[in-house]
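The structure under discussion appears below in the form of structure tokens.
The values are calculated or read from the model by the stated rules, or taken from the named source; none is laboratory data. Owing to the predicted nature of the structure, the values given are computational and were not obtained by experimental measurement. FYI the Cβ positions are ideal-geometry reconstructions off the backbone, even for glycines, and counts take in every protein chain you see. Protein only, heavy atoms only, side chains kept; ligands, DNA and RNA dropped before computing areas. Shrake-Rupley method; radii C 1.70, N 1.55, O 1.52, S 1.80 Å.
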Amino acid sequence: MHKSAPTVYIETYGCQMNVSDSELMYGRLEAEGYVSVDSPIGADVVLVNTCAIRDNAEQRVLGRLGELRRDLKAGAVLGVTGCMAQRLGPRLLETDTRVQLVVGPDGYRSLPSLIDGARHGERFSATDFDLEEHYEDFTARRFDGVKAWIPVQRGCDYRCTYCIVPTTRGPERSRKLADVVRETAEVAQRGITEVVLLGQTVNSYHDGSHDFADLLRAVGRVDGIRRVRYTSPHPNDFSDRVIAAMAETPTVCEHVHLPMQSGSTSMLKRMLRRYSREEYLDCVARLRAAMPGLGLTTDIIVGFPGETDEEFADTLSLCREVRFDDAFTFKFSPREGTPATRMPAEWTIPEAVVDARYTELLNTIRSISREKNLGRLGERMEVMVEKEARKGGELMQARSRDFKTVLVPGGPELIGRYLTVELTGTTGATFTGTPVQERAPLPMAS
Ligand code: 5AD
Ligand code: SF4
């Protein structure tokens, strides 16, 4: 009897690195004869690719595993991959008896054989790091038709005291420049015009004598590529070379997501961020001097152990000084095994204080962002149409080079197209835009 191909569904949580890893896993499993499906119901293999950065990310996954346990078809293999898998390892097999596979970020090469074992009833945890592993021979199965995530570096060698990432993704290692360029050329050949280079501290990238500046220039001149972005850089790795490469490569977009975490030098010390308030400001000034009009976004943590009123005030004042276009704000979440959990118990910030600071920070960020955005109405800019807007109603979601979201009228036929729009309205956070006809240049008088 003809046996139909087994199906696989991967549900992804967390950052773009996880999205990219899921694309690699899908690609690998399709190469082994699996068929990708977009629902766990009825799938033969279900993988949950997880995040461990904050406790609420893990709680969501645990809740989801409970739901899946009810929804899965009998005999389906359930696996947990990614950072939470790496962090908990065999403990996950003990706490959730339905889970058969626990595979960390460096173990995806063995997925097909592990799944085979699981289909015969076995249970595994695979959480060894492999410092050579970049999955070079995997072909990512990309779901986004207009932009491609391209990992250029895995792991992290910083040791920020709040962060679980060095534990879950291991030491930093970079891909070869030639491999990144080859992958960029491949996606460009398939009609993708934007690439996003991924790494935990992406601008510390190095391949022999090549640094991130070389990588930006090399990727930026690949035929067919119109936009290059990257995330996330560390302020300390913005050498003059990297900034010059960014400014001088026309395809590299004028946007930097520059995690700040705190605006207080004493707090940054406790976080082991390795820069001061002044050094962060200096980095911003150098970036802006090289690229006037640069879009700037950031990450900020509130309620880190020992955060005083003055330290929090420094964070607010740094936000006002830099005037970020937007920020992701997080309440500190203690992660088992990180240095922050060994700080004196009396440094813990009461929940009510954290909540109040969080709200104040969010309001500050939003009002700056709104003010900046209102000031840009009437501006004309190039946007790339990415997808249908969530609101629907014949609106498409597009992005400017400096990372603004602009809703434009039209249908799915616009996806992937570049338009010049005039910004006609803003909610404070996102814009609406009207396409404008570029005026042809006037003929030269002879
Ligand atoms: N608690 C809260 N936020 C955190 N981040 C990293 N670790 C923690 C933690 N333990 C935030 C940082 C980082 C972003 C990806 O997540 O701001 O830049
Ligand atoms: Fe975590 Fe710091 Fe590494 Fe970023 S640089 S992943 S915050 S340890």
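Tabulated values for the structure
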| quantity | calculated |
| --- | --- |
| Within region 28-55, tally of residues that are open to solvent by 10 Å² or more (accessible area, probe 1.4 Å) and more than 16 Å from ligand 1 (Cβ to nearest atom) | 15 |
| Index of the failed condition, Gly337 passing every other in (1) more than 22 Å from Asn373 (Cα to Cα); (2) surrounded by 14 or more Cβ atoms within 10 Å (Cβ to Cβ); (3) not acidic (Asp, Glu) | (2) |
| Subset of region 157-201 [of a type in the set (Phe, Trp, Tyr) and surrounded by fewer than 21 Cβ atoms within 10 Å (Cβ to Cβ)] | Tyr158 |
| Residue, farthest from Ser317 (Cα to Cα), within region 235-278, restricted to residues that are assigned to a loop (DSSP other than H, G, I, E, B), in contact with a Lys or Arg (Cβ under 8 Å, 6 or more places away or on another chain) and within 14 Å of ligand 2 (Cβ to nearest atom) | Phe238 |
| Every pair of residues 6+ apart whose Cβ atoms lie under 8 Å, when the first sits in region 258-276 and is without any contact (Cβ under 8 Å) to a residue 40 or more places away in the chain and in the same structural domain as Cys163 (by TED's automatic domain parsing) while the second is of a type in the set (Phe, Trp, Tyr) and buried (at least 20 other Cβ atoms within 10 Å of the Cβ) | Leu268/Tyr280 |
| Residues (touching a Ser or Thr at 6+ places or on another chain (Cβ under 8 Å) and either open to solvent by 30 Å² or more (accessible area, probe 1.4 Å) or among the hydroxyl-bearing types (Ser, Thr, Tyr) (or both)) located in region 9-27 | Tyr9, Thr12, Tyr13, Gly14, Gln16, Val19, Ser22, Tyr26 |
| Single match in Ala213, Ala244, Ala188 (criterion: under 21 Å from Ala140 (Cβ atoms), of a type in the set (A, V, I, L, M) and more than 16 Å from ligand 1 (Cβ to nearest atom)) | Ala188 |
| Qualifying positions in region 331-357 - touching a residue at least 24 places away in the same chain (Cβ under 8 Å) and more than 27 Å from the chain's Cα centre (by Cα) | Met343, Pro344, Trp347, Thr348, Ile349, Val353 |
| Meets criteria (open to solvent by less than 40 Å² (accessible area, probe 1.4 Å), in the same structural domain as Val19 (by TED's automatic domain parsing) and closer than 18 Å to Glu32 by Cβ) for Leu114 | yes |
| Helices (runs of 4 or more DSSP H) wholly inside region 67-181 containing at least 2 residues that are at pLDDT 95 or above and of a type in the set (Val, Ile, Thr) | 165-169 |
| Verdict on Arg154 being within 16 Å of ligand 1 (Cβ to nearest atom) and buried (at least 21 other Cβ atoms within 10 Å of the Cβ) | yes |
| Evaluation of Lys331 against (1) among the charged types (D, E, K, R); (2) in contact with a Ser or Thr (Cβ under 9 Å, 6 or more places away or on another chain); (3) under 23 Å from Pro166 (Cα atoms) (one fails), failing number | (2) |
| Members of region 205-231 that are open to solvent by 20 Å² or more (accessible area, probe 1.4 Å) and part of a helix (DSSP H, G or I) | Asp214, Arg217 |
| Region 303-339, residues that are assigned to a strand (DSSP E or B) and either within 28 Å of Arg87 (Cβ to Cβ) or among the polar types (S, T, N, Q) (or both) | Ala327, Phe328, Thr329, Phe330, Lys331 |
| Region 367-403: number of residues that are hydroxyl-bearing (Ser, Thr, Tyr) and not assigned by TED's automatic domain parsing to the domain that holds Ile192 | 1 |
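Residues are listed down the side, and each one gets a yes or a no for (1) in a strand (DSSP E or B); (2) farther than 22 Å from Pro6 by Cα; (3) touching a strand residue (DSSP E or B) at 6+ places or on another chain (Cβ under 9 Å):
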residue: Glu23; (1), (2), (3): no, no, yes
residue: Tyr26; (1), (2), (3): no, no, yes
residue: Leu29; (1), (2), (3): no, no, yes
residue: Leu47; (1), (2), (3): yes, no, yes
residue: Ala57; (1), (2), (3): no, yes, yes
residue: Gly63; (1), (2), (3): no, yes, no
